[in-house]
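Below is one structure; the comments refer to it alone.
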């Protein structure tokens, strides 16, 4: 039997979650036209059509923390329980990256304990920043310690940076802002030394790394010369640290994003991502046709998913 084709970047929403997001100020997500709809049945039908064996569900931007810790903990329990029940109803077809209510570290640790052995829980998911707090922030040390002990998979989804309305010019923020914010938070992790100190956390960066492949050498030059950020030795270089991450290929991997990423990190940690249900069915069909064009991408994704999951 061939290895399974796993979509590690697949989203779900519920009516209750959308209502909570709207109440938290997100009438639409990040200047997108509207919230999408989702059902497990429609998702499965699309997976069967395009040849995806399993999808790992997660909550997309704007995440689950809308300014207050207790409501965020409630939303985490809500969406994670839906993901767990979906995996239970469809064995082998769905998994879950359970949402953690950062920047509330105590709430995140409690949610890890609550769900870690539940059906389908494959890892954990957060946004690239939480109210302007990026992942290199010192307050997150207890989180990294807990995840490293568990050798956890940790899916980092981009979101809008603080004050993004001042620079997005009213355009959809996933177009540009996501790609930079993903790079911003992983550069923060490199400067904070988190990737080196916690080597057993399996970080997943999305969208072929966003702009990370393009700024790697600049990051290393500044990191090597800045006081307190290391000496730029080869074994600690930004390029090598990025090579320890995993990367999914959502949304437009070809012809540019995936080849650019592989020129920096190689092919051993690349994964399939569709971004469904925020990417709609025609977009998913088109990308899957392009990836199945004879270059061996889908076989590569199968092998890598087996190694990760």
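General remarks:
- Extension gain from residue 175 to residue 18, taking 0.36 nm per residue of separation minus the Cα-Cα distance: 54.4 nm
- Residue order, fewest to most surrounding Cβ atoms within 10 angstrom, among 164, 293: 293, 164
- Calculated FRET value between residue 148 and residue 306, using beta carbons and R₀ = 25 Å, to 0.05: 0.65
- Gyration tensor over the Cα atoms of region 20-61: the corresponding equivalent ellipsoid has semi-axes (square roots of 5 times the eigenvalues, largest first) of 27, 10, 9 Å.
- Taking 143, 96, 272 as the candidate residues, the one with maximal mean-square fluctuation in a Gaussian network model of the chain, Cα springs under 10 Å, is 143.
- Expressed as a whole percent, the proportion of Cα-Cα pairs in region 6-308 lying more than 29 Å apart is 30%.
- Neighbour-count order for 180, 203, fewest beta carbons within 10 angstrom listed first: 180, 203
- Relative contact order for the chain: 19 percent, from Cα pairs under 8 Å spaced at least 6 residues apart, divided by residue count.
- Prolate/oblate/rounded label for region 270-309 (Cα gyration tensor, a/c 1.5): oblate
- The per residue volume of the convex hull around the alpha-carbon atoms of region 185-309 is 105 Å³.
- R0 of 41 Å, Cβ-Cβ distance residue 39-residue 221: FRET efficiency to nearest 0.05: 0.25
Just so you know, all these numbers are worked out from the coordinates, no wet-lab data involved. For clarity, every value in this text was computed on a predicted model and none was experimentally measured. We place every Cβ from the backbone using ideal geometry, glycine too, and count neighbours over all the protein chains shown.
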